[in-house]
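K.L.:
Next up is a structure, given as structure tokens.
The values are calculated or read from the model by the stated rules, or taken from the named source; none is laboratory data. Small disclaimer: the values here were computed from a predicted structure and weren't measured. Positions of Cβ are backbone-derived with ideal geometry, glycine not excepted, and every protein chain shown enters the neighbour counts. The accessibility values were calculated without ligands, DNA or RNA, using every heavy atom of the protein model including side chains. Shrake-Rupley method; radii C 1.70, N 1.55, O 1.52, S 1.80 Å.
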Amino acid sequence: MIYINPVIKGFYPDPSVCYADGKFYLVTSSFQYFPGVPLFESSDLVNWKQIGHCITRKSQVQLDGARSSGGIFAPTIRYNNGTFYMVTTNTTVNKNFYITTNDIHGQWSEPIFVEQDGIDPSLFFDDDGKVYFISNGSDDFGNNGITQCEIDIKTGKKLSSSRTIWNGSGGRYLESPHMYKINNEYYLMAAEGGTEYGHMITYARSKNVWGDFQGYEHNPVLTNRNLGGYIIQGVGHGDLIQNTDGNWYIVHLGFRQIDQWMPYHNLGRETFLTPVYFDENGWFTAGNNGTVSEGFDINGDFEQEPLPIYTFSNTRVGVDWCFLRHPVLENYHFNSEKFILKGTDKTLDSVDSPTFLALRQKDFSGSVTCNVSIDKGEAGITLYMDEQQHYDLALRKSRDGFEAVLKLNIGDIKHDQKIVPLKNSTATLHIEFENFLYTFDVNDGEDIYPLGTAQTRYLSSEVASGFTGVMIGLYAQHDNTAEFTNFFCEYI
């Protein structure tokens, strides 16, 4: 069959993958959102089901004060002798740590910290039982690059000095190191070029885990840099995996521009799958002569599943829905038909935890609808990139009653685009979206009031900066209890 990239749509960047007991497991970055580190399961590498998160307790992570695109950076997942390991960086406290579980569907441990510099940490379990901790940063001797030390996997204690083992192929922002042992040789794969339009995957190999590592002479092995007029860009930060047929693939991030000639992306960095081919000398190539296309062949008697329709009854809080930083849970009440949110003085502009929960926007074209009822204050649907860039379609209490408002927040510009008086405190909020525009309207039960449009590119990473993507959020603020019903989100 031919599968279509991305295999996980929406803001799910920096993927890492492992195989255990007949299934593949994948994790991605989560930054300031909680729970942290989305966890997926698959039997074919193409269809992924989110089964939870690795970080589910406040004791596992410090997110208070984490700015947008701070918090939890790129994770790595590994499986060894019956135990899963997830290793990552919390940039709020600048610490690398890992957590473990023997039950992939259960809870993960408290963090074990490793005193090594850098971000994008990874673990490598060698055949002789030794375990290595790898990151990008400075080693114990002041050298920068891909840095490695041996650790005691039970305690995280270093058993050797941290030492730089590779300096990459010459690209900027060397990151995302992963080590593999294939046919008795050590392969070290990394990313370079920055996680934007110059992103790329490079690798080297050695007979020894400490090097000397020889770079692939045709590096980068995978990149879409300099491909003008191409939707898929920013390809990099990957993890190598062999499927049950013996074929090799890289799961990696990339992003889709809103148009082939408009270099903006609002969905965030997504998860892609690209085939890998080894030659007789043990070097590998990837994709279409080193580039990533929308579709590739894969063996298997299965079909790629489309995006579902999202409602309250078929989504799960804490799995599909997530919060900003650490939520005050007494401000939320959920069931399969209704979400009740109690607003506070924390707003969407705050570097804090306003009353907010959200799904990722997963494709360019679709719509979201929800009935909202308030008693005072403000509540509605937000298209949220970060605390400075978000579009809010809301109901709020006015001096004379209630009103619907479209608020556009772009950097320092905070503007009420349109205000419509309402007859009561309940209305249906509706947003249509496509590649270039969001379109907003409100229905009070008698009339539909258009509130205008807003361009998608102002919620893009190119405008907002950062590493996240648009979230479709429900929120309440200003001492208000809001009731949300009949939530419906579909993609076309």
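K.L.:
Of all residues being among the β-branched types (Val, Ile, Thr) and in a loop (DSSP other than H, G, I, E, B) in the stretch 239-281, which is nearest to the chain's Cα centre (by Cα)? Just the residue, please.
P.N.:
Of the stretch 239-281, the ones among the β-branched types (Val, Ile, Thr) are 241, 244, 250-251, 258, 271, 274, 276.
With in a loop (DSSP other than H, G, I, E, B) added as a condition, the list becomes 244, 258.
Working: 244: 26, 258: 18 Å.
The qualifying residue nearest to the chain's Cα centre (by Cα) is 258.
K.L.:
Given the condition in contact with a strand residue (DSSP E or B) (Cβ under 7 Å, 6 or more places away or on another chain), of a type in the set (S, T, N, Q) and open to solvent by less than 20 Å² (accessible area, probe 1.4 Å), answer yes or no: does some residue in the stretch 48-58 qualify? Break it down stepwise before answering.
P.N.:
Initially, the stretch 48-58 is screened for residues in contact with a strand residue (DSSP E or B) (Cβ under 7 Å, 6 or more places away or on another chain), giving 48-55.
Filter once more, keeping what is of a type in the set (S, T, N, Q): 50.
Now restrict to residues that are open to solvent by less than 20 Å² (accessible area, probe 1.4 Å): 50.
Yes, the stretch 48-58 contains a residue that is in contact with a strand residue (DSSP E or B) (Cβ under 7 Å, 6 or more places away or on another chain), of a type in the set (S, T, N, Q) and open to solvent by less than 20 Å² (accessible area, probe 1.4 Å).
K.L.:
Can you name the condition, by its number, that residue 291 falls short on among (1) under 25 Å from residue 14 (Cα atoms); (2) surrounded by fewer than 15 Cβ atoms within 10 Å (Cβ to Cβ)?
P.N.:
Every condition holds for residue 291 apart from (2).
K.L.:
Something else about it: Considering only residues that are closer than 26 Å to residue 267 by Cβ and of a type in the set (D, E, K, R), which ones fall in the stretch 391-405? If you could, list the steps in order and put the result at the bottom.
P.N.:
Step one: of the stretch 391-405, the residues closer than 26 Å to residue 267 by Cβ are 391-394, 405.
The answer is 392, and nothing else.
K.L.:
If you check residue 447 against the conditions, is it under 24 Å from residue 400 (Cβ atoms), acidic (Asp, Glu), surrounded by fewer than 19 Cβ atoms within 10 Å (Cβ to Cβ) and in contact (Cβ under 8 Å) with a residue 12 or more places away in the chain? Spell out the reasoning first.
P.N.:
Numbers: under 24 Å from residue 400 (Cβ atoms): yes; acidic (Asp, Glu): yes; surrounded by fewer than 19 Cβ atoms within 10 Å (Cβ to Cβ): yes; in contact (Cβ under 8 Å) with a residue 12 or more places away in the chain: no.
So residue 447 fails the test.
K.L.:
Show me the strands (runs of 3 or more DSSP E) entirely contained within the stretch 144-183 in which 3 or more residues are under 27 Å from residue 19 (Cα atoms). Full working, then the answer.
P.N.:
Working: elements: 144-151, 163-166, 175-182.
In the stretch 144-183, the matching strands (runs of 3 or more DSSP E) lie at 144-151, 175-182.
K.L.:
Scan the stretch 369-401 for residues that are part of a strand (DSSP E or B), crowded, with 21+ Cβ neighbours inside 10 Å and out of contact with any helix residue (DSSP H, G or I) (no Cβ under 8 Å at 6 or more places or on another chain) and report the count. First the steps, then the outcome.
P.N.:
We begin by selecting, within the stretch 369-401, every residue part of a strand (DSSP E or B); these are 369-373, 378-384, 389-397.
Adding the requirement that they be crowded, with 21+ Cβ neighbours inside 10 Å leaves 370, 372, 378-384, 389-396.
With out of contact with any helix residue (DSSP H, G or I) (no Cβ under 8 Å at 6 or more places or on another chain) added as a condition, the list becomes 370, 372, 378-382, 384, 392-396.
Within the stretch 369-401, residues that are part of a strand (DSSP E or B), crowded, with 21+ Cβ neighbours inside 10 Å and out of contact with any helix residue (DSSP H, G or I) (no Cβ under 8 Å at 6 or more places or on another chain) number 13.
K.L.:
Follow-up question, since we're still on this one. Could you check the stretch 7-39 and list, in sequence order, the residues that are of a type in the set (A, V, I, L, M) and part of a strand (DSSP E or B)?
P.N.:
Keep residues of the stretch 7-39 that are of a type in the set (A, V, I, L, M), which gives 7-8, 17, 20, 26-27, 37, 39.
The answer is 8, 17, 20, 26, 27, 37, 39.
K.L.:
Here's a check for you: in the stretch 402-417, which residue that is touching a residue at least 24 places away in the same chain (Cβ under 8 Å) and buried (at least 17 other Cβ atoms within 10 Å of the Cβ) is farthest from the chain's Cα centre (by Cα)?
P.N.:
Here the answer is 402.
K.L.:
Check whether at least one residue in the stretch 66-74 is open to solvent by less than 20 Å² (accessible area, probe 1.4 Å), within 20 Å of residue 253 (Cα to Cα), touching a Cys at 6+ places or on another chain (Cβ under 7 Å) and not hydrophobic (A, V, I, L, M, F, W, C), and report yes or no.
P.N.:
No; the residues of the stretch 66-74 include none that is open to solvent by less than 20 Å² (accessible area, probe 1.4 Å), within 20 Å of residue 253 (Cα to Cα), touching a Cys at 6+ places or on another chain (Cβ under 7 Å) and not hydrophobic (A, V, I, L, M, F, W, C).
K.L.:
Here is a follow-up. Within the stretch 406-441, how many residues turn out to be outside any loop (DSSP other than H, G, I, E, B) and closer than 23 Å to residue 266 by Cβ? Can you show your working first?
P.N.:
Restricting attention to the stretch 406-441, the residues satisfying the condition of being outside any loop (DSSP other than H, G, I, E, B) are 406-410, 413-422, 426-433, 437-441.
Filter once more, keeping what is closer than 23 Å to residue 266 by Cβ: 406-410, 413-418, 429-433, 437-441.
Of the residues in that region, 21 qualify.
K.L.:
Do we have residue 357 as open to solvent by less than 50 Å² (accessible area, probe 1.4 Å), in a strand (DSSP E or B), in contact with a helix residue (DSSP H, G or I) (Cβ under 8 Å, 6 or more places away or on another chain) and in contact (Cβ under 8 Å) with a residue 24 or more places away in the chain here? Full working, then the answer.
P.N.:
Details: open to solvent by less than 50 Å² (accessible area, probe 1.4 Å): yes; in a strand (DSSP E or B): yes; in contact with a helix residue (DSSP H, G or I) (Cβ under 8 Å, 6 or more places away or on another chain): no; in contact (Cβ under 8 Å) with a residue 24 or more places away in the chain: yes.
Criteria not met by residue 357.
K.L.:
Follow-up. Out of the residues in the stretch 157-174 that are open to solvent by 50 Å² or more (accessible area, probe 1.4 Å) and under 30 Å from residue 225 (Cα atoms), state the one that is nearest to the chain's Cα centre (by Cα). Reasoning before the result, please.
P.N.:
Restricting attention to the stretch 157-174, the residues satisfying the condition of being open to solvent by 50 Å² or more (accessible area, probe 1.4 Å) are 157-159, 161, 163, 167, 169-170, 172-173.
Narrowing further to those that are under 30 Å from residue 225 (Cα atoms): 167, 169-170, 172-173.
Values: 167: 27, 169: 27, 170: 27, 172: 22, 173: 19 Å.
Result: 173.
K.L.:
Given the conditions (1) touching an Asp or Glu at 6+ places or on another chain (Cβ under 8 Å); (2) not basic (Lys, Arg); (3) not in a strand (DSSP E or B), and given that residue 107 satisfies all but one, which numbered condition is not satisfied?
P.N.:
(1)
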